[in-house]
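Structure first, commentary second.
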Amino acid sequence: MINQVVTYISVINYFIRPSYQQINTLVATQVDQIFLQGLQSPSNPLHKKFMERTGTRFHTVKTAMHAGLRDATYYSFMSDTISKQLGGKTDVRITGGANYLIWIRPPQDPNIWISIPMQGIEETDFSPLTMYLIVISILSVAGGWLFVRRLNKPLQALQKAARQVGKGQFPEPLSLEGSSEMVAVTNAFNKMSQGIRQLETDRALMTAGISHDLKTPLTRIRLASEMLPEDQDWVKDGIEHDIEDMNAIIDQFIDYARQDQQEATENVDLNCVINELIKGRILEPGHHIELQQEQLPNAKLRVIGIKRVLDNLIENAFRYGSENICIITKVDHQSKSLICSVRDYGKGIPESDIPMLLTPFTQGDKARGSVGSGLGLAITKRIVESHGGQMLFTNHNSGGLSAGFSLPYATNH
């Protein structure tokens, strides 16, 4: 804007103003010569020849109105300038269009109007100032667009990389480009990403080491329990049951640390994954699964990971909800996402406890004395978020808890 204002003032002062001053001087000189030589009088022998050669016409007030004076525009700055040069009050008006005329009522004879044609000027012509400002505007916008595009390119790469880190994925270090501030931010992000990756690696290694170290004495305990006398089978059964629970907890620790990032995605139908899982699942007596499935578009999924999510939700629904559950799938075209929910017909849970369900080492049904590490839903949450989705928990209006997730079907992962 400053550039435009300075340009406008400069062109006005050094181009437009001198041009108009020159035109005003020429017009005033021509009017002055007309009266010095008496060319305005019809009795002058040169009167008719002068009008033919120059196109200048002399009118009374009445004839001037019929000739176009009524449509002319008054210009005060031209009137003031020519008035000073002619030494008296001068009325200057201009008629635009195909016949561009300057109308002058001179101080020498206020009863006549002189019309002087301006050759080579049309109202539809672009003035040099207009053309100059248009070119400057286009160049300014183009330069700004290139600058913003160059600035936004590393910002977009940083945004994409930050989302990947949020999903537990670690991209390659970003290239250092852009402004000095952008380079500093990108460099700090690269170091942060490398630090988080190292922490994740160390955590997975530590968890694997602890799990290995724990499983060895558990195996020895199992072998020792086998050597107990037959009259102490109840002791052996209790020990084996506790060992199985401890192994399950250790496996959950490993799964939570691993995050299932190694599995490749497949373009599959979520309904097919659900049907395959239910077909291979052995239900306990009295348990029943109802399906309410809409036709779904394919999505890029880690099939094993999604099966673990569904298996965990189904197991929780049977364990804490009811013997009959319902799996519902539908598609939300507005948000381009697939929605899957597992509904039980139990008593549900307090609304205040819903946000705590996804917290690691937290169990939603403490009143039932449930066992485990409390990592099941936390692992489920990680798998769903690695697909770009989110977990959904609500108490159903008719009773029971509806636990599920939404997954994008139009986003590449």
Working from Cα positions, state the angle (0 to 90°, nearest 10) between the long axis of helix 376-386 and the longest principal axis of the chain.
30
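If you build the convex hull over the alpha carbons only and average its shadow over all orientations, what do you get for the stretch 2-125? Give it in nm² to one decimal.
Details: hull surface 34.6 nm².
Averaging across all directions leaves 8.6 nm² for the Cα convex hull.
Using the Cα centre of the chain as the reference point, and only Cβ charges (+1 on K/R, -1 on D/E), how large is the resulting charge dipole? Debye, rounded to the nearest 20.
Values: 40 positive and 43 negative charges, 632 e Å.
Magnitude of the dipole: close to 3040 debye.
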Could you point to the residue in Trp103, Ile2, Phe58 farthest towards the positive end of the stretch 2-125's charge dipole, with +1 and -1 charges on the Cβ of Lys/Arg and Asp/Glu respectively?
Phe58
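Taking only C-alpha pairs under 8 Å that are 6+ residues apart, what is the relative contact order of the stretch 266-408 in percent? Intermediate results must be reported in sequence, preceding the final value.
Numbers: 243 pairs, mean separation 33.2, N = 143.
Reported relative contact order: 23 percent.
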Computed about the Cα centre, the charge dipole of the stretch 266-408 from +1 Lys/Arg and -1 Asp/Glu charges at the Cβ has a magnitude in debye, to the nearest 20, of 280
Quick one: what are the phi-derived ³J(HN,Hα) couplings along the stretch 215-223, Karplus 6.51/-1.76/1.60 with θ = phi - 60°, whole Hz, x for glycine and proline?
5, 5, x, 5, 5, 5, 5, 4, 5
If I fit a long axis through the Cα atoms of helix 2-11 and take the longest principal axis of the Cα atoms of the chain, what angle between them do I get, 0 to 90°, rounded to 10?
10
Over 10 Å intervals from 0, what percent of Cα-Cα pairs in the stretch 198-258 sits in each interval?
22, 39, 23, 12, 3, 0
Descending principal axes extents, the stretch 48-121, alpha-carbon based, whole Å:
28, 25, 23
I'd like to know which of Leu291, Ile82, Asn187 lies farthest towards the positive end of the charge dipole of the chain, counting +1 on Cβ of Lys and Arg and -1 on Cβ of Asp and Glu.
Ile82
With an 8 Å Cα cut-off and a minimum separation of 6 or more residues, compute the relative contact order for the chain in percent.
9
Just going by the charge dipole of the chain, with Lys and Arg at +1 and Asp and Glu at -1 on Cβ, which of Ile306, Gly38, Ala264 is farthest out on the positive end?
Gly38
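Calculate the dipole size of the stretch 1-142 relative to its Cα centre from +1 charges on Lys and Arg beta carbons and -1 charges on Asp and Glu beta carbons; express the result in debye to the nearest 20.
On the way: 11 positive and 9 negative charges, 75 e Å.
Rounded to the nearest 20 debye, it is 360 debye.
Direction-averaged shadow area of the convex hull around the Cα atoms of the chain, nm²? Mind showing how you got there, number by number?
Working: hull surface 150.5 nm².
Mean projected area for the chain: 37.6 nm², to one decimal.
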Only counting other Cβ atoms within 10 Å, I'd like Phe405, Phe189 sorted with the fewest neighbours first.
Phe189, Phe405
Restricted to pairs 8 or more residues apart or on different chains, the lysines in the stretch 266-408 with C-alpha atoms under 30 Å apart form a number of pairs equal to 20
Specify the angular offset, from 0 to 90 degrees and rounded to the nearest 10, of the alpha carbon long axis of helix 76-86 from the longest principal axis of the alpha carbons in the chain.
30
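Read the figures in this text as sums done on the coordinates, not as results from a lab. Every value quoted in this text rests on a predicted model; they were computed, and no experiment measured them. So basically every Cβ, Gly included, is an ideal-geometry build from the backbone, and we count neighbours across all protein chains shown.
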